[in-house]
């Protein structure tokens, strides 16, 4: 859940922010792919390191999960989340792609929030709306920065 959510939110902020400030589609796609792969790698490393610390602190030996599998899951989930806003940028014409990237990202956030709510059996609609709001805030920040620093 964390990797998917963060992949969507962070990448949407980057993609929409850059596409607001730059009109060259190749630069937008390059920046998006660089950002999503670097962030996915960083998140996987963070997952590995933090889970390893939990293992080291646990003197009872209860934590036996595989650190490498956890890191791989985080990496893949982040990349999948990042695909939500990147694919519309790559597929649609520049003038429409930002809108489709936002629709794709917000739809993905809503669906992931809904799924999380169902999995934990706690207010799925509220969970979906919360993720939608989080994504909106991050995207607004990206748009504002892209607009202010456009080239």
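Sorting 27, 89 from the fewest to the most surrounding beta carbons within 10 angstrom yields 27, 89.
Quick check: residue separation of residue 1 and residue 92 times 0.36 nm, minus the Cα distance between them. What number comes out in nm?
This chain segment gains 30.0 nm when fully extended.
Listing 62, 123 from fewest to most neighbouring C-beta atoms within 10 Å gives 62, 123. On the basis of the beta-carbon distance and an R0 of 41 Å, residue 103 and residue 52 show a calculated FRET efficiency of 0.60. Applying 1/(1 + (r/R0)^6) with R0 = 30 Å to the Cβ-Cβ distance of residue 118 and residue 73 gives a FRET efficiency near 0.95. In the chain, helices alone account for a calculated mean residue ellipticity at 222 nm of -30500 deg cm²/dmol, with every DSSP H run of four or more residues adding -39,500 (n - 2.57). Would you mind classifying region 1-119 by shape? Square roots of the alpha carbon gyration tensor eigenvalues, ordered a ≥ b ≥ c; an a/c under 1.5 is rounded, otherwise it is prolate if a/b is larger than b/c and oblate if not. Note, shape of region 1-119 comes out prolate. Between 139, 37, 11, the GNM of the chain built on Cα springs shorter than 10 angstrom shows 37 fluctuating the most.
Counted by neighbouring Cβ atoms within 10 Å, the residues 147, 78, 48 run from fewest to most as 147, 48, 78.
The stretch between residue 63 and residue 41 holds 5.6 nm of extra length on full extension. This uses 0.36 nm per residue minus the Cα-Cα distance.
Since every read-out is calculated from the coordinates, none of them should be taken as a lab result. All figures in this text were calculated on a predicted structure; none of them were measured in a lab. Please note: Cβ atoms are built from the backbone with ideal geometry, for glycine as well, and neighbour counts cover all protein chains shown.
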